[in-house]
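Worksheet for the structure shown next.
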Ligand SMILES: Nc1ncnc2c1ncn2[C@@H]1O[C@H](COP(=O)(O)OP(=O)(O)O)[C@@H](O)[C@H]1O
Ligand SMILES: [Mg+2]
C-alpha cells in the first residue's frame, strides 16, 4: 500500500540515460525547467514535448512509472488551473452568474497544465534513472564551487545521501508496522478524519522509535569507521565525464537555445525592437 | 475451521522489470489443533506465505479459504479473520507503542470490540500465558529486555484469543536461553490451550523437537510437507536448499553410512544417544 509512493525512486534497467553523468542530468533538468517557463507560444511546447518523449523513450522506463509522480500533484494542478481559468482578466468567452472564462484564462490554464506536468515528468526521469548515490555525487561535484562561500558541500551531500538511503527503509518499516497493527485489528480506513489520524498513532510511535534507533546505530557505525566530516573524502568511483556526456551537453544546449528561440520568438524580437526604438527613436 | 490455501501465487513488483515470484502454486490445508513448523532459507517465501493466512496480502492468483469462505471476497470481514488467525510478526517488539505493557496488550482485544472488562481480563490472561513477570505489567515498554519485549508483543496477539497462532521467527535475535524459553512457551500454549500453532523458522533445530508437521519452503514452493521424521530423511536435498538438518540427525545418518546399525529417523539428541548406544551394544 505505502510502497506505491515513488518519490526519489530508482527504476533499474539499462539505458543511455541511466549511464549519463548525473551532472548532465541535473543541469539538464534545471535548463529544461527554465526553458519551460519561458515559452509563450505552442512551438516551444511542441519542441519541449518532443524532447521529453525522446528522453523517456531512450530511458527505457515504462511510461506509467513516469506518470505515477503526477498523482501526487493532481490537486495542486486542478487548483492552479481553476484559479487561472476564472481569475484571468481579458476577453470573455463564457459568462454566467459570477463566473467568466476568458480567452487569456484558457490559454494560461492550458500552458500551466503543460508546464507542471512536463516539469514533474522531467524531474521524475532524473530520479528514476539515477541511483540516489550518484545523484548526491553529482550534486556534490556540481555544487563544488559553493565551497568558496564556506558552504559545507561535502557534509550536505552526506546528509542528503543518508536521507535518500533512509526513504525506502522507512517506507518498508512503515509497511511492516502497519501490517503488524492490522494483524492486531487496527483499522486505518474507516471513520472520519479525526479517527483516521488517531489510528496512525500505533504506526507513528514505533516508526519514530525505530528511526531514532537506526540513526543512532548509523552514527555509531560511522564513528567507528573514523568519519570526520565530508571534506576531502575520496570516492571509490569518482565521476568522470565521458564522450557521451559531451554529446549530451551539446544536444541539451542546442535544445534549450532552439526551443527558447522559437518558443519565445516574439519576446526576443520585441526586445530587439524596443532597443532599436530607444536607439533610433523610430519603429523598426 | 480449517485454513486452506488453494493454488496460491504471489508476485511482487509484477509491473517492473524485476518481478519476484515469492509464492509459486502453494497448496496447503491447515486443520485445527496441529503444531506446524514452516522452515526455509531466507527469501524462500515463509513470511509471504503466512501473511496470506490472515489476509494481510491477497494472492496474485489462487484463493485462501477460511471456515469455508473465500477471504478474497469483497464482503469478507477481514477483522473477523484476524481475530481467529493471530499473526506475530518477526521482531514483534517493534510494534509496541503504548505507554505501558498492559495498555499495549489491550490494543488488540479493544480493536476486536471487546468490552473494557473483557479486554482487561484477556490481557491479564495473555500476559500470564506468556509468563511475563508480574511486576512489569505496568512498566514502560522501552524499559524491557529483548526477551521481555517479545513476550509482551506475543501476548498482544494472544489477547485476541485466536484459534490459530502464527509466529514468524519468534526466536530471531535472542540468546540460546531466551530461544528455548520462547519455544517452550509456544509449545505449552499448544498443549494446554489447544491453539493451532504455525511456527516459522529458518533453523531446523528450533523446529525439530516441537512440531508434528514440517512444511519446507524452497524458492516459493512447498518442497516437503510431512512429519519431521520423513522430512529430515531427505538430508541431501535439504542441504541443497541451504538448510542444515539437526545435528543429532546428521550424526546418526553419518554413522549409518559407515555401517553402524542406527535408526535413521532420530531427531533429538537423546534419541540419537539411545540409538547409538543400542547399535554399539548389539555389535558387541
Ligand atoms: N513487500 C515486498 N516487495 C517486494 N518483494 C518482496 C516483498 N516482501 C518480500 N519480497 C521478496 O519475496 C521473497 C520472499 O520473501 P519472504 O517471504 O520475506 O521470505 P522469508 O520470510 O522466507 O525470508 C524475497 O525474495 C523477498 O525479497
Ligand atoms: Mg521472513
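Could you state, as a whole-number percent, how many of the C-alpha pairs of the stretch A:1-156 are farther apart than 29 Å?
Tail of the P(r) past 29 Å holds 32 percent of the pairs.
Rounded to the nearest 0.05, what FRET efficiency is calculated for residue A:146 and residue A:212 with R0 set to 22 Å and r the Cβ-Cβ distance? Before the final figure, lay out each step's value.
Details: r = 30 Å, r/R0 = 1.39.
Computed FRET efficiency for residue A:146 and residue A:212: 0.10.
Within chain B, what percent of beta bridges assigned by DSSP are antiparallel, to the nearest 5?
Roughly 50 percent of the beta bridges in chain B run antiparallel, per DSSP.
In whole angstrom, and with the biggest value first, how far do the Cα coordinates of the stretch B:162-284 range along each principal axis?
53, 33, 26
What angle do you read, to the nearest 10 degrees and between 0 and 90, between the alpha-carbon axis of helix A:74-87 and the longest principal axis of chain A?
30
Once you have the Kirkwood Rh of chain B from its Cα pairs, apply Stokes-Einstein at 37 °C and 0.692 mPa s and quote D in µm²/s. Please list the in-between numbers first.
Values: Rh = 20.2 Å.
Rounded to a whole number, D works out at 162 µm²/s.
If contacts are Cα pairs under 8 angstrom and at least 6 residues apart, what is the relative contact order of the stretch A:1-144 in percent?
Once divided by the residue count of the stretch A:1-144, the mean separation gives 38 percent.
Any idea what angle helix B:269-283 forms with the longest principal axis of chain B, computed on alpha-carbon atoms, 0 to 90 degrees, nearest 10?
So the helix axis and the longest Cα principal axis differ by about 10 degrees.
With runs of 4+ DSSP H residues as the only contributors, calculate the mean residue ellipticity of chain A at 222 nm using -39,500 (n - 2.57) per run, divided by the residue total and rounded to the nearest 500. Provide the component values of the computation, followed by the final result.
Working: 12 runs with 197 residues, N = 284.
-23000 deg cm²/dmol, from helical runs alone.
What FRET efficiency do you get for residue B:21 and residue A:270 if R0 is 41 Å and r is their Cβ-Cβ distance, rounded to the nearest 0.05? Walk me through the intermediate numbers first.
On the way: r = 61 Å, r/R0 = 1.50.
Using R0 = 41 Å, I get an efficiency of 0.10.
Label-point separation (nm) for residue A:94 and residue A:197, each offset 7 Å from Cα along Cα-to-Cβ?
The answer from the label model is 3.7 nm.
Please list, short to long, the whole-number percent of alpha-carbon pairs of the stretch B:77-162 in consecutive 5 angstrom bins beginning at zero.
3, 17, 29, 27, 16, 6, 2, 0
Just need the relative contact order of the stretch B:109-207 here, percent rounded to a whole number, with Cα pairs under 8 Å and 6+ apart.
Relative contact order of the stretch B:109-207: 27 percent.
Per the Kirkwood treatment, what hydrodynamic radius in Å, one decimal, follows for chain A from the mean inverse distance over all distinct Cα pairs? Walk me through the intermediate numbers first.
Numbers: mean 1/r = 0.0436 Å⁻¹.
That comes to 22.9 Å for chain A.
Pairing the Cα long axis of helix A:22-36 with the longest principal axis of chain A, what angle in degrees results, from 0 to 90 and rounded to the nearest 10?
40
Just rank B:47, B:201, B:187, fewest to most, by other beta-carbon atoms within 10 angstrom.
Sorted ascending by nearby Cβ count, the order is B:187, B:47, B:201.
Write down Rg/Rh for the stretch B:93-228, rounded to two decimals, with Rg from the C-alpha atoms and Rh from the Kirkwood relation over Cα pairs.
That ratio equals 0.99.
Take B:94, B:52, B:7, B:41 and order them by how many other Cβ atoms sit within 10 Å, fewest up front.
B:7, B:41, B:94, B:52
What percent does the relative contact order of chain A come to when contacts are Cα pairs within less than 8 Å and at least six residues apart? Walk me through the numbers on the way to the answer.
Numbers: 240 pairs, mean separation 80.8, N = 284.
Contact order relative to length: 28 percent.
Kindly work out what percent of the DSSP beta bridges joining two residues of the protein assembly as shown are antiparallel, to the nearest 5. Present the calculation step by step, with values, prior to reporting the outcome.
Numbers: 24 of 43 bridges.
Here the share of antiparallel DSSP bridges comes out near 55 percent.
Springs between alpha-carbon atoms under 10 Å, Gaussian network over chain B: tell me which of B:45, B:259, B:113 tops the mean-square fluctuations.
Result: B:259 has the largest fluctuation of those listed.
Over the Cα atoms of the stretch A:134-284, compute the convex hull volume and normalise it per residue, giving Å³.
Enclosed volume per residue, from the Cα hull, is 283 Å³.
Within a 10 angstrom radius of the beta carbon, how do B:50, A:177 rank from fewest other beta carbons to most?
B:50, A:177
What residue among A:274, A:259, A:59 shows peak mean-square fluctuation when chain A is described by a Gaussian network model with Cα springs under 10 Å?
A:274
We did not get these values from a lab; they are worked out from the coordinates using the rules stated. Since we're looking at a predicted model, the values are computed, not measured. Cβ: placed from backbone, ideal geometry, glycine included. Neighbour counts: every protein chain shown.
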